[in-house]
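Engineer: Just passing along the structure, written as structure tokens.
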Amino acid sequence: MKKIWIALFFTLCFSSIVIAQSSEFGIKFTGFVKTDVMFDSRQTVTAREGHFLLYPAGEDLDVNGEDANAQPNLNMLAIQTRLKGAITGPDAFGAKTSGLIEAAFFGHSNADVNGFRLRHAFLTLAWEKNTLLVGQFWHPMFVTGCFPGTVSFNTGVPFQPFSRNPQVRLTHTTGAISLLAAAVSQRDFTSSGPDGAGSQYLRNAAVPNLHGQLLISADKVLLGAGVDWKMLKPRLKTPLNYVSDETVSGVSVMGFAKFKLPKAEWKIYGVYGQNLTDMVMLSGYAVNSIDAATAQESYIPTDVMSVWTDFSTGTTIAYGCFAAYTQNQGAGENIGSFWGRGSNIDNIYRISPRIMWNSGKTRFAAEVEYTAAAYGTADKQGKVQDAEYVNNLRLLLAAYYFF
């Protein structure tokens, strides 16, 4: 079935090229071939056979008290290779129209590595001051004008919100100021819950993830702030077979800035959020109380704070450095069963310098990524106590060919 979809995709692509020669429609293909070589000094928490790195794995002591995870790992993959088709067409509803389809070979899980998967697919209608985007694109918390320039495909995870979502997004621009409002669902990046990770918790709440954002864009400065709200329904019925109407909501606030300096660029980003598992960050939600008669659960989100900065300079030979810190803030109240990420991690920090050598359509890049995670034991309110650091040093080499 997968081969049929790939064949259909390329058939449509080449058909569009032919159509573009004699109509108002057109499609332009771009993308890149990329190969990554990765060495880790210890075992890590990752996706796709170690390619998408989050943080070092905690200790796993054997009968002699030796850490089984304190062993290195090496891999080489080309699954980030990507194809994008930018589509143009005639005006509609008084607006300029465009579309985009982007896919890669990253797969949806370790079992699907090399699988051809959808990244982006959306249409846009652009009027003089308003732009409507409908389809799958980056979640608004991933700001396309201000994100880390790392060589690693993790793009700053788990410090940087990272998710692509089906959505309806409206942006109103007046001069240098833009106001963004979006209603978002989940597909590939989902929340956790009693039945594992999935989009059903947001779908069953019957209300989309809502986001609002303000951006100020000048010649050499981008400033912005946003607020995000999400509600989940963890269960449809209790373990004692009573209908459950309990939900859990989370609010997140964010701020960011990008400065174009003489021959350099500096970015900063900060977020304080609740239940951001679907953003590939620490936090989640937990049981706050249980009714003895019906087993009805009430829930409370756990909080996370995260900040990062990224500096880059150069063109043919480009240098950069990413630095970040995130901390588990707990729930502020007594909690029980927890669904999310990193409940036994107090904080994580990272520093990763990089160098890129560009020549024509070819790039070679190298990055050293040092990540330390403080593991401990969560108390009754989800705050981690007696934490001790474990660290990982990743050496990453990458080769790109852009087209």
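The values are calculated or read from the model by the stated rules, or taken from the named source; none is laboratory data. On a predicted model such as this, the values are computed, not experimentally measured, just so you know. Backbone-built Cβ (ideal geometry, glycine too); neighbour counts: all protein chains shown. Accessible surface areas use protein heavy atoms only, side chains included; no ligands, DNA or RNA. Shrake-Rupley method; radii C 1.70, N 1.55, O 1.52, S 1.80 Å.
Engineer: Can you find a residue that is open to solvent by 50 Å² or more (accessible area, probe 1.4 Å) and farther than 24 Å from M231 by Cα anywhere in the range 241-257?
Structural biologist: Within the range 241-257 (the criterion being open to solvent by 50 Å² or more (accessible area, probe 1.4 Å) and farther than 24 Å from M231 by Cα), the answer is no, since none of the residues qualifies.
Engineer: Name the residues in the range 138-156 that are open to solvent by 40 Å² or more (accessible area, probe 1.4 Å) and either touching a helix residue (DSSP H, G or I) at 6+ places or on another chain (Cβ under 6 Å) or not aromatic (F, W, Y) (or both), would you?
Structural biologist: Once the filter is applied, which keeps residues that are open to solvent by 40 Å² or more (accessible area, probe 1.4 Å) and either touching a helix residue (DSSP H, G or I) at 6+ places or on another chain (Cβ under 6 Å) or not aromatic (F, W, Y) (or both), the range 138-156 yields only T144.
Engineer: With the checklist (1) open to solvent by 40 Å² or more (accessible area, probe 1.4 Å); (2) more than 22 Å from D379 (Cβ to Cβ) in hand, flag the one item K230 doesn't pass.
Structural biologist: (1)
Engineer: For the range 346-358, indicate whether the set of residues that are touching a helix residue (DSSP H, G or I) at 6+ places or on another chain (Cβ under 6 Å) and either open to solvent by less than 50 Å² (accessible area, probe 1.4 Å) or assigned to a loop (DSSP other than H, G, I, E, B) (or both) is non-empty.
Structural biologist: No, because not a single residue in the range 346-358 is touching a helix residue (DSSP H, G or I) at 6+ places or on another chain (Cβ under 6 Å) and either open to solvent by less than 50 Å² (accessible area, probe 1.4 Å) or assigned to a loop (DSSP other than H, G, I, E, B) (or both).
Engineer: Say whether the condition of being in contact with a Lys or Arg (Cβ under 6 Å, 6 or more places away or on another chain), at pLDDT 95 or above and among the acidic types (D, E) is met by at least one residue in the range 80-96.
Structural biologist: Checked the range 80-96: no residue is in contact with a Lys or Arg (Cβ under 6 Å, 6 or more places away or on another chain), at pLDDT 95 or above and among the acidic types (D, E).
Engineer: For R341, are the conditions met, namely being open to solvent by less than 60 Å² (accessible area, probe 1.4 Å), under 30 Å from E66 (Cα atoms) and in contact with a helix residue (DSSP H, G or I) (Cβ under 6 Å, 6 or more places away or on another chain)?
Structural biologist: Against the criterion (open to solvent by less than 60 Å² (accessible area, probe 1.4 Å), under 30 Å from E66 (Cα atoms) and in contact with a helix residue (DSSP H, G or I) (Cβ under 6 Å, 6 or more places away or on another chain)), R341 qualifies.
Engineer: Could you check how many residues of the range 300-323 are closer than 19 Å to M231 by Cα and either touching a Leu at 6+ places or on another chain (Cβ under 8 Å) or open to solvent by 30 Å² or more (accessible area, probe 1.4 Å) (or both)?
Structural biologist: Looking only at that region, the number is 1.
Engineer: If you go through the range 369-393 one residue at a time, how many are open to solvent by less than 60 Å² (accessible area, probe 1.4 Å) and touching a Leu at 6+ places or on another chain (Cβ under 6 Å)?
Structural biologist: Going through the range 369-393 one residue at a time, the tally reaches 0.
Engineer: Taking the condition of being surrounded by fewer than 18 Cβ atoms within 10 Å (Cβ to Cβ), within 29 Å of K260 (Cβ to Cβ) and touching a residue at least 40 places away in the same chain (Cβ under 8 Å), how many residues in the range 178-218 meet it?
Structural biologist: Total satisfying the criteria: 3.
Engineer: Within the range 95-131, can you find the residues that are over 14 Å from G31 (Cα atoms), touching a strand residue (DSSP E or B) at 6+ places or on another chain (Cβ under 9 Å) and among the small types (G, A, S)?
Structural biologist: A95, S98, G99, G107, S109, A121, A126
Engineer: Kindly indicate whether any position in the range 265-284 is open to solvent by 30 Å² or more (accessible area, probe 1.4 Å) and without any contact (Cβ under 8 Å) to a residue 12 or more places away in the chain.
Structural biologist: Checking the range 265-284: not a single residue is open to solvent by 30 Å² or more (accessible area, probe 1.4 Å) and without any contact (Cβ under 8 Å) to a residue 12 or more places away in the chain.
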